[in-house]
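Before any comments, here is the structure.
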2 protein chains.
Amino acid sequence: MTDFNPNASLPAPSIPGDALPPVEQHAQQYATVRNAHETELIEDYVELIGDLLAHRGEARAADIANRMAVSQATVSKMIRRLNELELVTSKPYRSLFLTEAGQKMAETSRARHDIVLHFLRALGVRDATARIDAEGMEHHVSDETLAIMQRFTEQQQKS
Amino acid sequence: MTDFNPNASLPAPSIPGDALPPVEQHAQQYATVRNAHETELIEDYVELIGDLLAHRGEARAADIANRMAVSQATVSKMIRRLNELELVTSKPYRSLFLTEAGQKMAETSRARHDIVLHFLRALGVRDATARIDAEGMEHHVSDETLAIMQRFTEQQQKS
DNA sequence: CAAACAGTTTAGCCTTGGCTAACAATATTG
DNA sequence: CAATATTGTTAGCCAAGGCTAAACTGTTTG
């Protein structure tokens, strides 16, 4: 460590208490995030398919492509994966449907999503912003935090 | 739409107000998330490098690999990208340093991260959980929400 | 000061999740 | 009912972000 350090001055360790977490814990944080990323897209698809079925009665690849702002080819490929994972059933040129497992996942995702969305609104975030943030955040909120968010929202509504 | 619909009954549209958002808005949500994903890892690296420099005086590939729970090869490849993006400077086999742009990004990320972390703690989330959640959430929280979180945390501390 | 160890880089592989272009099937409509 | 429009699929491309194995550099130490 005899290197000249051009960053030596800033950013200064703002708060002494904010030292680096121990390596194992730090590693755990990143690993958890990476893990979430793997399932996140799958969940988004399943959740959207569930919503389309609930609100429209059918879920077509074209709708998904439009709503996700993604090409139909991408959706088609993804549907194959969802099939392999046994989350959806699909006949070519027909609406998609969710398997048992798919429905369970859709409900869980939807519930998560709603809790986060309602929480953000209860906090005072504008609706459009809340929707965007919720979409990104939902996969990274632990059950513990989720429970707290729900409680907060309920309390807010009472007053 | 003459298909038999095995999912017709559930999940029922729980709240009438929770209809699907208009296509453009919906698409915007997903696009924003996809966009965040592209920069997210970069920001994590830069933020971590900044932290290592601040707390340890140097940032070596091996430390990053350990803290991110990722192979050194992966870090090495990533550092090449960060170099191309002119966020870090590196001489082979020497500690990394941040460029101007890198420092700015590190500070912004750090600030974001801290706001989310302190907010979660103020909400009542346990420290270990808050750290994990913050790591995942930080890239998906809009400036608007961030401001609200900060205000909330301050209020909480006053009482 | 040579050998061993630690740290770094490179090469080459894999999967994911995008894309476009070309083709195939279904639906709509003149 | 044929032509056209819409929708879905396939093939083949790309970049990102992982990995292991092997080669190389630098440091430490017997």
>> On a full-extension model of 0.36 nm per residue, what is the gain between residue A:66 and residue A:100, subtracting their alpha-carbon distance, rounded to one decimal in nm?
In response: 9.7 nm
> Hey, what do the phi angles of segment A:76-86 turn into as Karplus ³J(HN,Hα) couplings, whole Hz, using 6.51/-1.76/1.60 and θ = phi - 60°, x for Gly and Pro?
Replying inline: 4, 4, 5, 4, 4, 4, 4, 4, 4, 7, 6
> Non-local amide H neighbours of residue A:89 (under 5 Å, H modeled in plane, Pro and chain starts lacking H): which ones?
Replying inline: A:97, A:98, A:99
> Bin by bin, in steps of 5 Å, what percent of the Cα pairs in segment A:26-158 do you find, going until the bin that has the longest distance?
Replying inline: 2, 10, 18, 20, 18, 15, 10, 5, 2, 0
> Which angle from 0 to 90°, rounded to the nearest 10, does the C-alpha axis of helix B:127-137 make with the longest principal axis of chain B?
Replying inline: 80 degrees
> What is the helix-to-structure angle for B:23-56, meaning the angle in degrees between its Cα long axis and the longest Cα principal axis of chain B, kept from 0 to 90 and rounded to the nearest 10?
Replying inline: 30 degrees
>> Label position 7 Å from Cα toward Cβ: report the copy-to-copy distances for residue A:37 in nm, one decimal, ordered from shortest.
In response: 0.9
> So for the pair residue B:157, residue A:85, with labels modelled 7 Å out along Cα→Cβ, what separation do we get in nm?
Replying inline: 4.0 nm
>> I'd like the chymotrypsin sites (Phe, Trp or Tyr not before Pro) in segment A:22-117 restricted to DSSP loop residues with at most 14 other Cβ atoms within 10 Å, sorted by number.
In response: A:93
> What do you get for Rg/Rh of the protein assembly as shown when both radii come from the Cα atoms and Rh is the Kirkwood radius?
Replying inline: 1.01
> Given the options A:72, A:28, A:103, which has the most mean-square fluctuation in a GNM of chain A, springs set between C-alpha atoms less than 10 angstrom apart?
Replying inline: A:28
>> Cut-off 10 angstrom, C-alpha nodes, Gaussian network model of chain B. Which of B:138, B:86, B:47 fluctuates the most?
In response: B:86
> Which whole-angstrom value gives the distance between the alpha carbon centres of segment B:33-92 and segment B:112-131?
Replying inline: 23 Å
>> Which one, A:140, A:37, A:26, has the greatest fluctuation when you compute a Gaussian network model over chain A with C-alpha springs under 10 angstrom?
In response: A:26
> Kirkwood Rh over Cα pairs of segment A:67-112 into Stokes-Einstein at 37 °C, 0.692 mPa s: D in µm²/s?
Replying inline: 289 µm²/s
>> From the P(r) of segment B:98-159, could you give the percentage of C-alpha pairs in the tail past 18 Å?
In response: 37 percent
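The numbers here are math on the coordinates, done by the rules we state, and not lab data. It should be emphasised that the depicted structure is a prediction, and the values quoted were computed from it without experimental measurement. Backbone-built Cβ (ideal geometry, glycine too); neighbour counts: all protein chains shown.
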